[in-house]
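As structure tokens, the structure follows; a few thoughts come after it.
The values are calculated or read from the model by the stated rules, or taken from the named source; none is laboratory data. Keep in mind the model is a prediction, meaning the values are calculated, not measured. Counting neighbours? That spans all protein chains shown, and the Cβs are built from the backbone with ideal geometry, glycine included.
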Ligand code: ADP
Ligand code: G6P
């Protein structure tokens with residue numbers, strides 16, 4: 001389509017997410033450096049190119065002073081990012097508290113931490129108040145930068161209250177909301193004290209999207225059972241107003257990985273890794289150090305595999321790259337020590353003077369090193385206990401075209417629905433099954449590996465982040481028209 005002046009129309013998008021694609025590190029009173037943030041949301045959004053997009057979000061730091069805020073706003077503007085400044089107390093109650101201690105575990109079927117349950121219940125009200133306040137602060141920034149015909153795309157569990165705040169500012173704003181985590185069964189959602197208020201706020205959006213059909217169905221069930229509204233094949237209806245609900249499976253920018261593999265940088269890393277692990281098969285885990293990723297379960301399954309397969313002892317190595325995340329939340333601190341303890345025990349048990357079976361790194365790898373690692377891997381292990389989609393599995397597949405390695409994938413990751421036919425699907429809680437799958441993967445004949453890889457490779461290269469965003473935004477545009485028509489009737 002074209003504008004009246006003949007220039008092609010590029011949809012202007014305001015992308016609102018708690019986490020900006022870059023996080024800021026302070027270097028001086030008014031100087032900042034920006035680093036890429038980790039996580040699937042950022043990875044996918046970076047693959048979205050064909051829009052005039054601006055990002056609104058939190059830069060991951062507390063900036064109490066005006067000089068610092070002004071300087072950071074300027075530095076971020078070069079990246080088309082607009083910061084929302086959250087003070088320490090809000091971050092503590094909204095981000096560490098309500099988002100990551102309540103919603104995140106709940107949406108991943110982990111419930112609330114047992115020993116904290118009473119304390120959590122007591123602080124629940126103030127955390128929910130901070131959550132709403134933070135969402136209102138995001139809404140204020142969006143409203144300030146909104147221009148007519150913009151489309152506002154809100155992301156994730158941090159911002160479930162945002163669609164309502166935005167519509168209160170301007171009923172005609174086109175507002176979409178997409179959840180990057182699972183949406184749990186309505187029986188889980190209904191335990192949340194603020195269950196109804198959150199659902200109603202999300203329903204203020206024109207389009208609500210999830211990774212899979214199951215998550216969308218759970219959401220609609222929550223609205224019908226908890227709010228008593230009507231669920232239709234299109235979405236949820238409330239007094240004649242329809243909120244469209246649908247599945248939009250996310251993808252990655254596969255070309256970015258394929259191009260990187262051809263660079264000298266990556267080729268150099270590949271050579272180093274091949275030399276380093278010559279004579280051993282490489283197994284790989286790449287995760288944020290999060291309890292939903294099933295890292296202890298993965299390592300225990302690898303231990304069981306070693307116990308049962310003595311022949312493999314000096315022929316296989318597990319590289320577990322786990323970037324620390326949400327380190328102020330006690331549950332994450334406990335997980336870090338637990339993982340270190342298990343790795344130490346297994347390396348003590350099976351290591352030799354010259355080699356250990358597990359290399360565990362608590363850090364983020366730069367993009368080129370990560371691509372090289374994916375490329376030399378024989379077996380990737382994704383053992384999430386629940387995971388919205390899991391893009392690590394997609395990235396591994398994109399980098400494996402010459403090697404055709406095997407993906408072991410949890411059936412509780414959204415990706416199991418798209419890569420299930422090519423991967424070996426496992427229940428991460430069943431350590432015996434995972435250990436047997438490791439043996440199956442390491443011994444798999446080339447022909448079968450090739451067939452499985454091809455299936456996954458076709459999916460990952462065809463269903464990209466770009467396609468995901470285009471589908472969502474075009475449906476959002478259509479939906480608003482439909483909604484307006486309905487209101488006029
Ligand atoms: P989540 O969004 O829960 O973190 P995903 O698997 O969907 O899970 O996305 C994780 C993203 O973060 C991927 O793009 C992956 O490359 C990146 N990532 C995760 N761990 C690391 C790490 N240790 N080093 C570099 N990147 C990482
Ligand atoms: C998941 C969430 C994202 C989040 C990312 C990293 O992918 O769905 O919203 O940005 O994890 O977590 P963090 O708390 O560091 O933003």
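Residues 469, 465, 439: which one is touching a residue at least 60 places away in the same chain (Cβ under 8 Å) and over 26 Å from the mean Cα position of the chain (by Cα)?
439
Which pairs have Cβ atoms under 6 Å, sit 6 or more apart or on different chains, and link a residue in region 122-147 that is at pLDDT 95 or above to one that is surrounded by fewer than 17 Cβ atoms within 10 Å (Cβ to Cβ) and in a helix (DSSP H, G or I)?
As it stands, the answer is 143/169, since those pairs meet every condition given.
Take residue 325 and tell me if it is out of contact with any helix residue (DSSP H, G or I) (no Cβ under 9 Å at 6 or more places or on another chain), assigned to a loop (DSSP other than H, G, I, E, B) and on the phi < 0 side of the Ramachandran plot.
no
Mind listing just one residue for me: the one in region 362-380 that is more than 20 Å from residue 278 (Cα to Cα) and touching a residue at least 40 places away in the same chain (Cβ under 8 Å) and, of those, nearest to ligand 2 (Cβ to nearest atom)?
Taking the candidates together, the pick is 364.
Give the number of residues within region 368-378 that are more than 10 Å from ligand 1 (Cβ to nearest atom) and surrounded by fewer than 24 Cβ atoms within 10 Å (Cβ to Cβ).
3
Read through the list (1) assigned to a loop (DSSP other than H, G, I, E, B); (2) touching a helix residue (DSSP H, G or I) at 6+ places or on another chain (Cβ under 7 Å); (3) within 28 Å of residue 395 (Cβ to Cβ); (4) within 16 Å of ligand 2 (Cβ to nearest atom), then give the number of the only condition that residue 60 fails.
That leaves (2) as the condition not met.
Residue 267 versus (1) touching a strand residue (DSSP E or B) at 6+ places or on another chain (Cβ under 6 Å); (2) more than 25 Å from residue 409 (Cβ to Cβ): which is the lone unmet condition?
Of (1) touching a strand residue (DSSP E or B) at 6+ places or on another chain (Cβ under 6 Å); (2) more than 25 Å from residue 409 (Cβ to Cβ), only one is false for residue 267: (1).
Would you mind telling me which numbered condition in (1) at pLDDT 95 or above; (2) more than 24 Å from residue 443 (Cα to Cα); (3) assigned to a helix (DSSP H, G or I) residue 305 fails?
For residue 305, the failing item is (2).
Does residue 425 satisfy the criteria of being buried (at least 23 other Cβ atoms within 10 Å of the Cβ) and closer than 22 Å to residue 108 by Cβ?
no
Take region 21-42 and flag every residue that is part of a strand (DSSP E or B) and either surrounded by 15 or more Cβ atoms within 10 Å (Cβ to Cβ) or within 13 Å of ligand 2 (Cβ to nearest atom) (or both).
Hits for region 21-42 are 22, 23, 24, 26, 32, 34, 35, 36.
If you take the residues of region 85-114 that are outside any helix (DSSP H, G or I) and crowded, with 21+ Cβ neighbours inside 10 Å, which of them is nearest to ligand 1 (Cβ to nearest atom)? Give the derivation first.
The first filter runs over region 85-114 and keeps only residues outside any helix (DSSP H, G or I), leaving 85-87, 108-113.
When the remaining residues are screened for being crowded, with 21+ Cβ neighbours inside 10 Å, the result is 86, 108.
On the way: 86: 21, 108: 10 Å.
Applying the filter and picking the extreme gives 108.
Among (1) within 30 Å of residue 386 (Cα to Cα); (2) surrounded by fewer than 16 Cβ atoms within 10 Å (Cβ to Cβ), there is one condition residue 64 misses while meeting the rest; what is its number?
Of the numbered conditions (1) within 30 Å of residue 386 (Cα to Cα); (2) surrounded by fewer than 16 Cβ atoms within 10 Å (Cβ to Cβ), the odd one out for residue 64 is (1).
For region 318-340, which residues satisfy the criterion of being closer than 14 Å to residue 359 by Cα and in contact with a strand residue (DSSP E or B) (Cβ under 6 Å, 6 or more places away or on another chain)?
Selection gives 318, 319, 320, 321, 322, 323.
Is it the case that region 132-143 has a residue that's away from ligand 2 (no atom under 16 Å from the Cβ), more than 24 Å from residue 42 (Cα to Cα) and not in a strand (DSSP E or B)?
Within region 132-143, none of the residues are away from ligand 2 (no atom under 16 Å from the Cβ), more than 24 Å from residue 42 (Cα to Cα) and not in a strand (DSSP E or B).
Among the residues of region 16-32 satisfying the criterion of being more than 16 Å from ligand 1 (Cβ to nearest atom) and in contact with a strand residue (DSSP E or B) (Cβ under 9 Å, 6 or more places away or on another chain), which is modelled with the highest pLDDT?
If we take residues in region 16-32 being more than 16 Å from ligand 1 (Cβ to nearest atom) and in contact with a strand residue (DSSP E or B) (Cβ under 9 Å, 6 or more places away or on another chain), then 16 is modelled with the highest pLDDT.
If a residue has to be within 16 Å of ligand 1 (Cβ to nearest atom) and modelled with pLDDT under 90 to count, how many in region 33-78 make the cut?
Residues flagged as within 16 Å of ligand 1 (Cβ to nearest atom) and modelled with pLDDT under 90 within region 33-78 amount to 13.
Taking the stated definitions as given, is residue 161 within 16 Å of ligand 2 (Cβ to nearest atom), in contact (Cβ under 8 Å) with a residue 40 or more places away in the chain and under 16 Å from residue 220 (Cβ atoms)?
no
If I go through region 202-228 residue by residue, how many of them are more than 25 Å from residue 386 (Cα to Cα) and buried (at least 16 other Cβ atoms within 10 Å of the Cβ)?
Total satisfying the criteria: 3.
Could you run through region 169-188 and say how many residues are assigned to a helix (DSSP H, G or I), surrounded by fewer than 17 Cβ atoms within 10 Å (Cβ to Cβ) and in contact (Cβ under 8 Å) with a residue 12 or more places away in the chain?
Total meeting the criteria: 1.
Looking at region 398-418, which of the residues that are within 12 Å of ligand 1 (Cβ to nearest atom) and within 17 Å of the chain's Cα centre (by Cα) is farthest from residue 459 (Cα to Cα)?
It comes out as 410.
From the list 282, 323, 286, pick out the single residue that is crowded, with 16+ Cβ neighbours inside 10 Å and more than 16 Å from ligand 2 (Cβ to nearest atom).
282
Taking region 264-279, which residues are part of a loop (DSSP other than H, G, I, E, B) and either surrounded by fewer than 13 Cβ atoms within 10 Å (Cβ to Cβ) or without any contact (Cβ under 8 Å) to a residue 24 or more places away in the chain (or both)?
First, pick out the residues of region 264-279 that are part of a loop (DSSP other than H, G, I, E, B): 277-279.
Within region 264-279, 278, 279 qualify.
I'd like the residue in region 229-259 that is surrounded by fewer than 20 Cβ atoms within 10 Å (Cβ to Cβ) and closer than 27 Å to residue 318 by Cβ and, out of all such residues, is nearest to ligand 1 (Cβ to nearest atom).
Among them, the one singled out is 256.
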